[in-house]
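Just below is one structure, and these are the notes that go with it.
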Amino acid sequence: MYRFIKSFMAVAASSVMTLSMSASIPENSVEADSTAKVNILADEENSYYFHDGFEGSLCDWSGRGAATVLTSGRFAYEGKESLLVQDRTDEWNGTIYTLSEEFKAGSEYSFSVNVTYADGSEARDFKFTLEYTNADGETAWSEIASGTTMAGQWVQLANTNYKIPDGAADCKIIVETTDGSLDNFYIDEAIGAPAGTVIKGAGQPAIRRLLLGDVDCDGVITALDISMARMCVKGSITDTISNKAADVDKSGRIDEEDIKLINEFVLGEITEFPVARQTVDNEAMEALFSGISPTKTYKVDGQDDNVLYSQRFGADPGWMVYDGRLYVYTTNDAFEYDSNGNIKENTYDVGTINCISSADLVNWTDHGAIPVAARNGRTKNGAASWASNSWAPDACWKTINGKDKFFLYFADNGSGIGVLTADSPTGPWTDPLGKQIISRSTPNCGNVTWLFDPGVYYDEELGKGYLAFGGGVPSGAEADPGTGRIVELGSDMTSIVGTPKTLNPPYLFEDSSLIKIGNQWIYSFCHNWNVPGGASVNGKGFSNADIGYMTSTNPLGPYSYNGVVFKNTGSQRLDNGGNNHHSIIEFKNQYYVLYHTRRIEMNMGINGGKGYNYRSPAINKCTVNGTSLSCTGSRSGVEQIETLNPYNKVEAETMSNQGGINVSGVGNTVVTDIDKGDWIKVSGVEFSNGTEALTVRVSSKNGAAIKVATGSPTGDAIAYVDVPAGDFTEITVSCAAVSGTKDIYFMFSGQCEFDWWSFS
């Protein structure tokens with residue numbers, strides 16, 4: 001199999017847990033506040049609203065985000081089993097439970113749950129949260145309780161008098177982490193009871209937190225810590241936290257330099273500990289990498305490099321500009337396989353949406369695949385419980401009540417349009433409606449053949465948003481299908497105003513894109529496959545599956561046909577053809593066309609090079625002259641419009657090209673599935689201040705090395721990093737002098753996970 005295929009099929013393995021945990025109930029329990037109304041119930045089992053012990057049952061708890069849950073007999077706070085929460089890709093991925101109607105807004109209740117985790121030496125922070133829909137119809141969150149614990153120690157998250165906010169509806173309780181950790185964790189004895197009920201639990205254990213220099217873990221750095229650090233040097237202290245605290249320069253060893261630095265800190269000569277640079281045997285590293293060949297890429301620099309990313313497929317690109325970055329959202333094409341394990345033709349059985357962003361149009365940050373369609377069998381924990389698919393996304397944002405809100409529209413196959421909301425362009429995304437915003441029951445939409453392909457645009461000048469959608473070709477109506485629609489959105493961007501208007505694009509097939517240029521509204525779309533030779537409207541000719549456009553001074557029309565903005569990719573020899581899905585966009589005072597091609601799958605040789613309709617997003621400039629638009633595709637894409645600053649923390653999932661890697665997570669992502677020979681390219685890095693050192697955050701199961709080079713993966717090294725076996729750690733190494741603008745490459749000798757990098 002191709003290495004590219006490997007990156008699509010990676011499955012996170014469950015962590016091997018070696019710690020043992022006590023299943024006995026600690027004696028310390030939560031005491032009621034002296035001012036609280038205490039009502040200790042004599043018959044707990046019959047008086048609690050719910051009491052979930054997870055003995056052979058999930059008790060209606062489920063995973064949140066990417067997380068999955070199952071009962072586990074390995075550890076338990078009480079009884080024989082608990083609920084294991086695993087497969088987490090972000091800290092908010094946890095477990096969630098829907099409260100019954102017995103729990104009323106404005107009333108107080110007692111809630112309790114016990115939490116622990118198995119791996120790691122540092123403390124973990126947990127939060128018990130209420131998720132609800134507020135009076136404005138928006139998703140909101142309220143903390144019930146929080147706590148901190150160490151591996152193997154249970155902590156109780158409890159509140160005897162928690163008030164559910166006034167006006168709250170659709171209430172759910174959540175257990176999650178808040179410290180950025182993605183460890184598996186366990187919950188047990190989840191209880192909801194009348195207000196004032198004191199529920200026995202693990203309490204809040206005393207936590208020893210890791211503070212560099214605080215070797216005795218008393219919260220302050222004193223002369224005693226110097227003495228204990230000397231003991232660590234001699235090996236007479238084996239405590240993990242104490243030893244980590246003594247290694248103040250993070251060199252990976254405790255030595256006299258650490259003693260010196262702690263002494264200087266105690267004397268007030270320094271206020272922070274400098275990070276030591278790792279000592280690397282460059283000759284050994286050079287010899288190691290001389291025998292490693294770079295993994296093949298299917299995005300070929302200078303030939304076939306007009307694809308925004310190649311670590312996964314993506315189609316139907318929609319867009320949004322926010323805070324100087326272009327966010328692109330795509331249908332997440334993913335390989336489908338027959339019963340023999342062979343790749344088969346794409347059936348578009350998709351329930352996730354890819355999100356990427358860029359400031360320069362060449363280096364793209366991969367924010368992961370957003371889980372959307374909960375009813376899709378390939379999607380875990382989709383935000384939209386009612387949706388079976390998530391196709392053709394488009395996005396916008398609006399400031400509402402002084403806060404920036406983000407809206408992601410998508411097609412649930414051809415049955416309707418959904419919308420998700422978030423407080424960030426990357427999520428987490430929630431479903432504000434619990435249903436489609438556009439459905440067959442929407443006026444003037446019941447007879448639309450394909451009720452899909454949303455194109456949204458928010459006009460700041462008007463303070464209004466508009467949504468175009470629809471497509472399909474009724475029999476006998478090829479020239480005038482009448483299946484396009486456009487509607488004004490409500491001020492909340494999750495409702496519509498009035499009845500959708502009918503659009504009449506000639507030979508409409510699918511694919512709505514909406515943008516305003518000057519005082520002109522531009523609606524563009526894909527023509528169908530029934531266009532006769534020599535067809536024209538308003539003197540403008542077009543052919544099968546070309547992207548046409550129409551203009552109007554009114555967002556709701558009527559629109560006048562202006563011709564072809566982008567020829568079919570097949571006629572442009574960009575790929576083997578097929579219908580396309582595009583967006584006309586504006587970014588940093590330039591217009592572009594986003595679209596998809598099949599170049600990557602063709603380069604992979606799938607189906608003998610003919611492909612199976614797995615698509616990848618591409619971009620080219622668009623020329624605008626008054627109301628006239630034209631775009632020409634190419635295999636070389638666009639030039640980088642600004643350089644990349646290497647002195648900021650750069651997410652490792654930011655790249656212009658790659659070989660063999662994958663990206664995991666949603667929103668907060670890391671580069672994963674790295675093996676020997678895999679590499680990442682970052683283009684146009686501007687070393688205006690020169691270089692002395694490189695810092696990376698990286699982990700490796702068995703240890704590995706990273707070569708950082710210019711020009712190519714096998715080019716001259718500017719730095720090497722020796723990655724120890726273990727969890728994520730920050731490593732600083734000396735770096736060769738680099739100046740000017742360079743393309744840099746990170747090449748790997750073995751298994752790694754890569755979080756971020758920065759030069760100094």
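Going by C-beta contacts inside 10 Å, put C622, C752, C217 in order with the fewest on the left. Spell out each step's value before the answer.
Values: C622 21, C752 28, C217 16.
Arranged by neighbour count, lowest to highest, C622, C752, C217 become C217, C622, C752.
Holding the Cα-Cα limit at 29 Å, pick out from K299/K621; K588/K707; K172/K200 the pairs that are longer than that.
Values: K299/K621 20 Å; K588/K707 34 Å; K172/K200 22 Å.
With Cα atoms farther than 29 Å apart: K588/K707.
Where does each of 358-367, 429-438 land if you order them by average Cβ count within 10 Å, highest first? Mind dumping the intermediate values first?
Working: 358-367: 22.6, 429-438: 19.3.
The peptides rank, most packed first, as 358-367, 429-438.
How do 592-604, 72-84, 416-428 rank on mean C-beta neighbours within 10 Å, highest first?
Details: 592-604: 24.1, 72-84: 19.9, 416-428: 22.1.
Ranked by mean Cβ neighbours within 10 Å, highest first: 592-604, 416-428, 72-84.
Stretch E586-R573 to full length: gain in nm at 0.36 nm per residue minus the Cα-Cα span? Numbers along the way, then the final one.
On the way: separation 13, 0.36 × 13 = 4.68 nm, distance 2.54 nm.
Fully extending the segment from E586 to R573 adds 2.1 nm.
Please rank R635, R325, fewest neighbouring Cβ atoms within 10 Å first, as an exposure proxy. If you can, show how the numbers build up before the last one.
Values: R635 19, R325 15.
Lowest count first: R325, R635.
Divide by every residue of the chain the summed helix terms, -39500 (n - 2.57) for each DSSP H run of at least 4, and state the resulting mean residue ellipticity at 222 nm, rounded to the nearest 500 deg cm²/dmol. Provide the component values of the computation, followed by the final result.
Details: 7 runs with 56 residues, N = 760.
Mean residue ellipticity, 222 nm, calculated: -2000 deg cm²/dmol.
Under 17 Å from a point placed 7 Å out from the Cα of K610 along the Cα-to-Cβ direction: which residues of the range 560-576 have their backbone N that close?
What the label zone holds, given the 17 Å backbone N cut-off, is 570, 575-576.
Go through the cysteines of the chain and tell me which have no other cysteine Cβ under 4.7 Å away.
C59, C171, C217, C232, C355, C396, C445, C526, C735, C752
First measure r as the distance between the Cβ atoms of R378 and E257, then evaluate 1/(1 + (r/R0)^6) with R0 = 41 Å and state the FRET efficiency to the nearest 0.05.
On the way: r = 52 Å, r/R0 = 1.27.
Computed FRET efficiency for R378 and E257: 0.20.
Evaluate the distance, in nm, between pseudo-label points positioned 7 Å from the Cα of A140 and of I400 along their respective Cα→Cβ axes.
1.3
I want to verify the translational diffusion coefficient of the range 650-759 in µm²/s; compute it with Stokes-Einstein, Rh as the Kirkwood radius over Cα pairs, at 10 °C and 1.306 mPa s.
Working: Rh = 13.7 Å.
Stokes-Einstein gives a translational diffusion coefficient of 116 µm²/s.
Please give the FRET efficiency for N645 paired with K296, using the beta carbon to beta carbon distance and R0 = 22 Å, rounded to the nearest 0.05.
The value I calculate is 0.15.
Only bridges with both residues in the chain count here: give the DSSP antiparallel percent, nearest 5. Display every interim value, and only then the final one.
Working: 179 of 184 bridges.
Bridges in the chain are about 95 percent antiparallel.
If the chain between T553 and S227 were fully stretched, how many nm would it gain, using 0.36 nm times the residue separation less the Cα-Cα distance?
So the chain would gain 109.6 nm between T553 and S227.
Within the set of other residues whose C-beta is less than 11 Å from the C-beta of I606, count the net charge using Lys and Arg as +1 and Asp and Glu as -1. Working shown, then result.
Numbers: positive: K344, R598, K610; negative: E345, E601.
Once all neighbours under 11 Å are counted, the net charge is +1.
What's the extension gain from T714 to S560 if we count 0.36 nm per residue and subtract their Cα-Cα distance? Walk me through the numbers before you get to the answer.
Numbers: separation 154, 0.36 × 154 = 55.44 nm, distance 5.45 nm.
Length gained between T714 and S560: 50.0 nm.
Considering the zone a paramagnetic label at D675 would reach in this model (a point 7 Å from Cα along the Cα-to-Cβ line), which residues of the range 293-329 have amide N under 20 Å from it?
Zone members listed by number: 293-299, 310-313.
Calculate the radius of gyration of the Cα atoms of the chain to one decimal place, then report Dmax, the largest Cα-Cα distance, as a whole number, both in Å.
Computed over the Cα atoms of the chain, radius of gyration and Dmax are 28.5, 89 Å.
Determine the relative contact order of the chain: mean sequence separation of Cα pairs under 8 Å and six or more apart, normalised by residue count, in whole percent.
Working: 2106 pairs, mean separation 76.9, N = 760.
The normalised contact order for the chain reaches 10 percent.
Taking neighbour Cβ counts within 10 Å as the exposure measure, how do D349, D575, D394 sort from fewest upward? Could you put the intermediate results ahead of the total?
Working: D349 15, D575 23, D394 28.
In increasing order of surrounding Cβ atoms, one gets D349, D575, D394.
Can you tell me the FRET efficiency between A725 and E122 if r is taken as the Cβ-Cβ distance and R0 is 25 Å, rounded to the nearest 0.05? Could you put the intermediate results ahead of the total?
Values: r = 17 Å, r/R0 = 0.69.
That gives a FRET efficiency of 0.90.
Can you compute the radius of gyration and Dmax for the range 315-631, using only the Cα atoms, both in Å?
18.4, 56
Laboratory data are not the source of any read-out in this text; all were calculated from the coordinates shown. Computed from a predicted structure; not experimentally measured. In this analysis, Cβ positions are derived from the backbone assuming ideal geometry, glycine residues included, and neighbour counts consider all displayed protein chains.
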